[in-house]
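Everything below concerns the one structure shown next.
Taken together, the values in this text are just the output of simple stated rules run on the coordinates, not laboratory data. As the structure is a prediction and not an experimental result, all values here were calculated from the model.
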Amino acid sequence: MQLDRAKTMHPPSTLMLVPLASLPEIEAGDDLAGLLAQAVRSAGESLLGGDILVVAQKIVSKAEGRTVALADVQPSPRACEISRICEKDPRLVELVLRESSEVVRCRKDVLIVRHKLGFVVANAAIDQSNVAAGDDRALLLPCDPDASAAALRTSLNAAFGTEIGVVINDSFGRPWRLGTCGTAIGCAGIESLRDLRGKPDRFGRKLLTSELAIGDEIAAAGSLVMGQASEGVPAVIVRGLARFEKHRPAADLLRPVQSDLFT
């Protein structure tokens, strides 16, 4: 469906965040798009053109079968060595190494790596919270979060006869800042990074360095409603943002390694 997209993105007069809390526990192989569509309807809503659905990484990873039983993991000598430094389960460290291309920092209670997807993140973003009570399992990131977002978008566009955006968010820590923040790891149908360089400011001066991490801002907005603990809100409709002329995946948010001065 062709949309009449705005030429520029203006601040919305009203931004709505609609929580979707009626999803069941997600299992490997579930039709996540179908369950999300059902949750939208159960909330008395529909997906409208220009809506953005923010989806928690956990339910995407669960549906894609990215759960690993730690009992099945045999730690390597390197994993055992690193585990003694950071004082983490060597089986978890082994999974972190398998998912990573580089160990960036390691000390007691801290293991920062460059994930194979390019994220610099603690523990390769492997998580054990909200997986299953009493179950010794770990949850890995989706193999290709941008592709996962695109697949969800295609199915939901068909289900509601419209065009939406999809952002898959996860909670990442940040250098020099305490606390985690919602971060876009997969995007489809939105411009995840907007380059304003060369455009004038309010006084006509040309912007030299301004790039907007729109995908991350949307992910963080969704996280305000999702929460981080027992809230049980794994998806949020973001409504009211201007429609996007360009589509850029979350991978475009990654700083190239050669220009990364901080790791």
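Taking the Cα atoms only, what angle lies between the long axis of helix 32-42 and the longest principal axis of the chain, rounded to 10 degrees?
That works out to roughly 50 degrees.
Can you tell me which lysines have their Cα less than 18 Å from the Cα of K206? Leave out same-chain residues fewer than eight positions away.
Once the sequence-local lysines are set aside, nothing remains near K206.
Non-local amide H neighbours of I168 (under 5 Å, H modeled in plane, Pro and chain starts lacking H): which ones?
V55, I185, G186, C187
Which entries of K62/K246; K62/K116; K58/K116; K58/K199 have Cα-Cα distances beyond 27 Å here?
Flagged as over cut-off: K62/K246; K58/K199.
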